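See below for the structure under consideration.
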Amino acid sequence: MNYHFSSRVPKSDVDPVGNILKIAGKPGIISFAGGLPAPELFPVDQITQATDQVLKEKGKDALQYGSSQGIQELRDVIVDRVKIEGINTDADHVMVATGSQQTLDLTGKIFLDRGDTVIVEKPTYLCAVDVFKSYGAHFVGVDMDEDGMKMDMLEKALIENPSTKLIYTIPNFQNPTGRTMTLSRREKLVELAEKYDVMVLEDNPYGAVRFAGKNLPSIKSLDKSGHVIYMGTFSKILAPGMRLGWIVTDTKLLNKYTMMKQSADLHTDNLSQYIVAKYFEMFNIDEHIQSICHLYQKREQLMMSAIHKYFPSNVKCSQPEGGMFIWVEVPGIEDTQALFDDCIKNNVAFVPGEPFYGDEGTPGTFRLNYSNMHEDQIEEGIKRLGAAIQESLTKSLV
């Protein structure tokens, strides 16, 4: 039988990232590939208590159809949370989404026609690339350094691509690099968005997981013209399986998101929304976040120490102050897939850099995750990875 797929469906069934993660998940392999939170920190007992209370107090409401915008109780929680980012808003400007991934998808539906330009950090979140690519986006990557996206390069990209529809950025502990955009660059980004009349999608899944440095105001908090759309999630501070994210934007635009969401899933799971709202009522989320930060800092420091110990001295890596990732650049490696294959032979895994680029990638780059690996395996895994890097560099000289 012949299936007549739409143009959005990939023509090939090959799933490079899926295959990498499948291989990386095999028994015996120390995997730094998945971008997963530490499951031992999921507050299972507290969520059980919150669930029991929800079913006792509002079971019928929680199990019924609900508003596409989300329940009032959770939107009020979100309003309170984003104050930490300097965003002063109200529940009328908030929509609950089924995870951050739905916000990305709805943004693509709302803004992108085939051939439209999306400016992204170089590299950027691979699932955002996949989503925007499915709507036919043309990607323009803007180089980064340790201070985030370079604003002079961003303005050059805006001048050369005057019909740009969207700028997508992860300013805090960026995925995949772990880098954080400085305050001055955030201010410049807002200035450029207004000057060139381009919408900015600010994705902040990791901002609360800071274990060093100082908190910085969100890009949205600096926006006076309505050009910035802010998105967040409970996945990294509570539990990703709840599938709860959110969006903050002007009411006129929020109405468009709500209408598009209605045609996608009608509304986000009501029970999960009520449970999370009740969790915030019953327990101290800040104490829980502190425990996350403490563990991630311990694992990040252990990984960085092992990198300095076992990697060749010319290898470069980012210096994250929070989040879940370290970005590595290995000069002299031209085929990162071959390096990955060597690592699998050494029973260690990472995610190669290529999928994180909307346009041409940089050889010899890859992402490491430290949040989901126990301390006793981090040093051994990095030791194996260092040996595989040295083996690949030796091969390239032959």
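Laid out as a table, the results:
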read-out	value
Residue in segment 68-75 that is assigned to a loop (DSSP other than H, G, I, E, B), surrounded by fewer than 16 Cβ atoms within 10 Å (Cβ to Cβ) and in contact with a His (Cβ under 9 Å, 6 or more places away or on another chain) present	no
Residues satisfying the stated conditions in segment 226-281, i.e. over 11 Å from V96 (Cβ atoms), basic (K, R) and part of a helix (DSSP H, G or I)	K252, K256, K278
Subset of segment 194-228 (residues that are open to solvent by less than 30 Å² (accessible area, probe 1.4 Å) and within 15 Å of the chain's Cα centre (by Cα))	L201, E202, D203, N204, P205, Y206, G207, V209
Residue list for segment 344-371, filter: part of a loop (DSSP other than H, G, I, E, B) and either of a type in the set (G, A, S) or in contact with a Ser or Thr (Cβ under 7 Å, 6 or more places away or on another chain) (or both)	G353, G358, G361, P363, G364, S371
Matching option when the condition is farther than 18 Å from F111 by Cβ, under 18 Å from the mean Cα position of the chain (by Cα) and open to solvent by less than 40 Å² (accessible area, probe 1.4 Å), among G241, G178	G178
Pairs with Cβ under 7 Å, 6+ apart, first in segment 321-340 and at pLDDT 95 or above, second charged (D, E, K, R) and not in a helix (DSSP H, G or I)	E321/R210; G322/R210; F325/R367; W327/R367; E329/K316
Residues located in segment 257-273, provided they are charged (D, E, K, R) and surrounded by fewer than 16 Cβ atoms within 10 Å (Cβ to Cβ)	D265
Count of residues meeting criterion [assigned to a helix (DSSP H, G or I) and open to solvent by 10 Å² or more (accessible area, probe 1.4 Å)] in segment 92-101	4
Given (1) open to solvent by 40 Å² or more (accessible area, probe 1.4 Å); (2) part of a loop (DSSP other than H, G, I, E, B), index of the condition K83 fails	(2)
Selected residue [in a helix (DSSP H, G or I) and of a type in the set (S, T, N, Q)] from T107, T164, T124, T177	T107
Of all residues in segment 372-388 being in contact with a Leu (Cβ under 7 Å, 6 or more places away or on another chain) and in a helix (DSSP H, G or I), the one that is most open to solvent (accessible area, probe 1.4 Å)	E379
Cross-chain or 6+ apart pairs with Cβ under 6 Å, segment 47-75 first and in the same structural domain as R243 (by TED's automatic domain parsing) and modelled with pLDDT of 95 or more, then surrounded by 16 or more Cβ atoms within 10 Å (Cβ to Cβ) and assigned to a loop (DSSP other than H, G, I, E, B)	G66/H267; S68/H267
Residue, modelled with the lowest pLDDT, within segment 20-45, restricted to residues that are farther than 19 Å from Y125 by Cβ and part of a helix (DSSP H, G or I)	I23
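One line per residue, one yes/no per condition, for (1) open to solvent by less than 10 Å² (accessible area, probe 1.4 Å); (2) in contact with an Asp or Glu (Cβ under 9 Å, 6 or more places away or on another chain):
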| position | (1), (2) |
| --- | --- |
| F325 | yes, no |
| V328 | yes, no |
| G332 | no, no |
| E354 | no, no |
| E360 | no, no |
| G364 | yes, yes |
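The values are calculated or read from the model by the stated rules, or taken from the named source; none is laboratory data. Since the model is a prediction, treat every value here as computed from it, not as a measurement. Neighbour counts run over all protein chains shown; Cβ positions are idealised from the backbone, glycine included. Only protein heavy atoms, including side chains, enter the accessible area calculation; ligands, DNA and RNA are left aside. Shrake-Rupley method; radii C 1.70, N 1.55, O 1.52, S 1.80 Å.
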